[in-house]
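The structure appears right after this line, and notes come after that.
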Number of protein chains: 4
Amino acid sequence: MCRLMLYLGPETRLSSLIVDPKHSLIRQSVHSEEREEPLNGDGFGVGWYANDHSLEPAVFRSITPAWNNRNLQNLARVVASDCVLAHVRAATQSSGVNEANCHPFRWRQYLCMHNGDVGDFRLVRRQLLASVCDEAFGNVYGSTDSEHFFALFIDSLLTNRERDPALRMAQALARAISRTLELVRNVGQGGDSYLNIAISDGEHAVVSRFTDADDGVPESLYYFSGQLYRDVGAKAKRKGTQPVIVSSERLTADAGWAEVPANQIIILRRDRAPQFVDARTAEPR
Amino acid sequence: MCRLMLYLGPETRLSSLIVDPKHSLIRQSVHSEEREEPLNGDGFGVGWYANDHSLEPAVFRSITPAWNNRNLQNLARVVASDCVLAHVRAATQSSGVNEANCHPFRWRQYLCMHNGDVGDFRLVRRQLLASVCDEAFGNVYGSTDSEHFFALFIDSLLTNRERDPALRMAQALARAISRTLELVRNVGQGGDSYLNIAISDGEHAVVSRFTDADDGVPESLYYFSGQLYRDVGAKAKRKGTQPVIVSSERLTADAGWAEVPANQIIILRRDRAPQFVDARTAEPR
Amino acid sequence: MCRLMLYLGPETRLSSLIVDPKHSLIRQSVHSEEREEPLNGDGFGVGWYANDHSLEPAVFRSITPAWNNRNLQNLARVVASDCVLAHVRAATQSSGVNEANCHPFRWRQYLCMHNGDVGDFRLVRRQLLASVCDEAFGNVYGSTDSEHFFALFIDSLLTNRERDPALRMAQALARAISRTLELVRNVGQGGDSYLNIAISDGEHAVVSRFTDADDGVPESLYYFSGQLYRDVGAKAKRKGTQPVIVSSERLTADAGWAEVPANQIIILRRDRAPQFVDARTAEPR
Amino acid sequence: MCRLMLYLGPETRLSSLIVDPKHSLIRQSVHSEEREEPLNGDGFGVGWYANDHSLEPAVFRSITPAWNNRNLQNLARVVASDCVLAHVRAATQSSGVNEANCHPFRWRQYLCMHNGDVGDFRLVRRQLLASVCDEAFGNVYGSTDSEHFFALFIDSLLTNRERDPALRMAQALARAISRTLELVRNVGQGGDSYLNIAISDGEHAVVSRFTDADDGVPESLYYFSGQLYRDVGAKAKRKGTQPVIVSSERLTADAGWAEVPANQIIILRRDRAPQFVDARTAEPR
């Protein structure tokens, strides 16, 4: 289990997102509040896009904890971006702590991060890999369930013909979730999956909040639309550049935070209000 | 503030000390119980002596947390020693997380580690450095109060003529504590010092539990003499090789753990019961 | 391409093998002489066995270069073992520098390291993984051709019924080499493989020197049997404990170094002279 | 000895400076050509300024080599700046490889890096520290001669009343060089100093090329003014934003590279041609 945060909006300093908020992601690396175990100290990663989006995004990952990493603090203070993904990790037993296992993972212009588990992953891994195309297979460098899930997403995206890019991402995400559940059903032992997945291409983003556990309670996930505090949104005066943050935990005490509904995908576009679709079908709820 | 553990006894695997106990130091790196903040995740270090004591001790230090370090787990499983020091760090603001700041620190055959603070260290640092001999000065590579305190110890040891090596170490430790308090008094602003300091030469060890805070309550420190559980002490059947562990927190629920009295130094020798002396004078209490 | 060294003999300090020799492995990390590019600075690893062989071997790996790693120097000075494997890495493009990609790799009591390349590995990887049993598959954590080759070895070992453990290892190694060539032939594009592979269980070791390149020249590999210099072999006075070192480059100027013949496997046993078998068939040459 | 590079000009991607050039700094980390030993693999650092200069500069440092660091490649591809400092390190014996010892060093808005040695540093260190003000003293976190030299610069700057900021920096640098030579003369044993020092505040920069060695040959240092290749300088059409690069080795085969004269300081201002002054007096040559 981990904590994640995604931002899409006008350009802002990374520090305004991951350092300054009272309950920032760096704070959550030590004191997360909505997990049984508050610690997310097994590395971190942050990904962001150059402001002209002419380039593949940058990813900065480290196996040291986020709370004491000076490089991260330096970067966050100076670097600004209009699309940021950040993740603090609590490693599970089965996969080691090394940079290849830190989120976000990258493929072309896409970044992906995960909070949760693929059920019975050790049993599912082989069939999962066998089921994806070479391009998706070749993008797997480590041993996390999360990176393997991303391979399912890549495979699903490559065969999807939807022309709206955000909807295409949502459909591929829903398809990857369905395929995961099917794999667990076929070769696993009934383990529950928790799939809070955030994916962006720099212009759009999709984030799922999903579980198939019997109690129907996925990992926590919130979103905030509007001006969080002075810094984020300061330049957001032009119509259509309303910032949106999606985060495992509320970054501030602001009343504007809302839960992402269980088993939904939230779709973010720069020029629109967030949209919600079903996490397995990508149909409007 | 940090957590530390020192072992002197018959040869034992490192894992029997720092991994296996229910409340082992690795456990304390995540869930220490006698600090306000349970986390000691800013690096760790372990030092140990070759069994023939023909060589300077080994030190293995890392800026990643102890709980997820595979090298540490590997080492601990295979390496055995009759004198082991281990430390998990919670960095204070003023000094960064890098290997030079991880404990234990080494000088010749001596290893030193610290749990606590030198009062007003930022103000005291210059005078402290100015007060020690070149040999002690030249051994300072980082920016922690702990390594600077060790320079005071080295300086005090080099001018001490006591012939009993354990008592000489205790006297030098007491002298370094007194000199620290004097420096804080002279150039500081009345800040409290917490000086739980463990030092060994491989054959003997001295560990102080000290504070000059008004409430008189130092950081926690315990010791255990005898057979902790099967593994530690298994070979301790010869007279005079009774193992002793000194630790910030009790490693097990065994009733045999006792507190080191406040403002005392515990002296360990291979062939004797632990001895206690005053932490400022090294006089028997 | 990388450099590797394996030792089997009486207990010796690691430093006598990887630090002290004039052309030690640490020296080779900066200045190897039998590669076009002298640098092997993309991490290192050392594996060794506890002297009672009661435990799985230790592995210490790091992504920093061997030449400046203080932990390695500390360890090497103090730790002694009767079976040591060490490796310095020059990463190829296709796989990143992280600990999971550092050699030696471990499975049960076995350690494996590699100097060379699997031909067309990017094309071969999927079929290779598909061809091995779950146990071998589950041991792959990174993205190197070397670790994938080890999976072939594990799979070959598990189905081999030979009762002599050294010969069984040699046969499994030869089988893994043959299977690699077959995979490259079937799904690759005619790329050459260079397979200098060293594997040990702590009591025996097998090391191949192999290529199927047209010029028939594998990567360099040498062995030395006897007393290398005072330290190594000092305790080797008992019959049958003659030390043997196998190394990518000669560690000293001693005339006793001999080349491992091309396309052979050298088999080491504690109580015998080295034996050579064919690298593809494990038949005596 | 190390390699360094400083850029002052219109905003450009970091990669255009430290990755793309044929003989880039990353290339120099493996294959520097103007040092006896071509390797600079003991860590690296890069510092840069936010484009509105409203903030302290960012510094990204690592103990792993520059050539294989994915975070560096990612950062360099996406981050752009109008003032960049980069450094690859070849550690000397006396100081360890840890982040506190990686260049550039920072104090307020200033960044500093060094290629060379302070003569007899081990002997000089104490007197040097004793000679600077508390502010300069308190900025020393590691054990390199370079960071200690920076303390001399800080101390010299704080007592300098020159109102032109670039000239003030040049005078403080010349003063720090003179003070270093005096310290070596007084408490050293006649060791030579090599002081190629680059310092910037984001708007101006001063770089010395200096030695007091008998042969009078300092470490190599070059500068280039104008459009290096398409990427650097693309936006430099406005008058007064001519880019300048100062580098230990020529980054390209372009004929426009010129040597910085021995024992001079080159002064860079955004709106002027480079200016040269004497490295000990800061007087125009």
Computed E for C:GLU135/C:ARG70 - FRET, C-beta separation, R0 51 angstrom, nearest 0.05: 0.90
Positive-end residue of B:SER62, B:MET5, B:SER131, charge dipole of the stretch B:1-137 with Cβ unit charges: B:SER62
Unit charges on C-beta of K, R, D, E only; dipole of the stretch B:1-92, Debye: 280 debye
Chain A - Kirkwood radius from inverse mean 1/r over Cα pairs (Å): 18.5 Å
Gyration tensor (Cα) of the stretch D:79-184, equivalent ellipsoid semi-axes in angstrom: 21, 19, 12
Compactness of the stretch C:51-138 - radius of gyration and Dmax, Cα, Å: 15.4, 44
Point-to-point label distance, A:HIS23-C:GLN189, nm (Cα→Cβ direction, 7 Å offset): 5.3 nm
Environment charge of B:ARG163, counting only residues whose C-beta is closer than 15 Å and scoring Lys/Arg +1, Asp/Glu -1: -1
Net charge, D:ARG61 excluded, C-beta distance under 11 Å - Lys, Arg +1, Asp, Glu -1: +2
Simple label model, 7 Å out from Cα along Cβ direction - A:ALA255 to D:ASP214, nm: 8.3 nm
15 Å beta-carbon shell around A:PHE105, net charge (K/R +1, D/E -1): -2
Mean Cα-pair separation over length for the stretch A:1-118, i.e. relative contact order, pairs under 8 Å, 6 or more apart, %: 37 percent
Separation of alpha-carbon centers, the stretch A:145-213 and the stretch C:1-37, rounded to whole Å: 47 Å
For the stretch A:80-87, Karplus couplings with θ = phi - 60° (6.51, -1.76, 1.60), whole Hz, Gly/Pro x: 10, 7, 9, 8, 10, 10, 9, 8
Closest Cβ on chain A to the rotation axis that carries it onto C (distance rounded to whole Å): A:ASN98, 2
Computed over the stretch D:1-159, the ratio Rg/Rh where both radii use C-alpha atoms and Rh is Kirkwood: 0.97
Residue-averaged [θ]222 nm for chain C, counting only DSSP H segments that reach four residues, each worth -39500 (n - 2.57): -7500 deg cm²/dmol
Dipole magnitude of chain A, debye to nearest 20 (Cβ charges: Lys/Arg +1, Asp/Glu -1, about Cα centre): 840 debye
Charged-residue dipole, Cβ positions (Lys, Arg, Asp, Glu), the protein assembly as shown about Cα centre, Debye nearest 20: 0 debye
Sites B:THR159 and B:GLU283 - FRET efficiency at Förster radius 22 Å, r taken between beta-carbons, to 0.05: 0.75
Distances in nm from A:ASN186 to the matching label points in the other copies, shortest first (labels 7 Å along Cα to Cβ): 2.1, 7.7, 7.9
20 Å binning of all Cα-Cα separations within the protein assembly as shown, expressed as whole percents from 0 upward: 12, 38, 40, 10, 0
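Readers should treat all values here as calculations from the given coordinates under stated rules, not as data from a laboratory. Keep in mind that this is a model prediction, so the values were computed, not measured. When we count neighbours, we look across all protein chains shown, and the Cβ atoms used for this are built from the backbone with ideal geometry, even at glycine.
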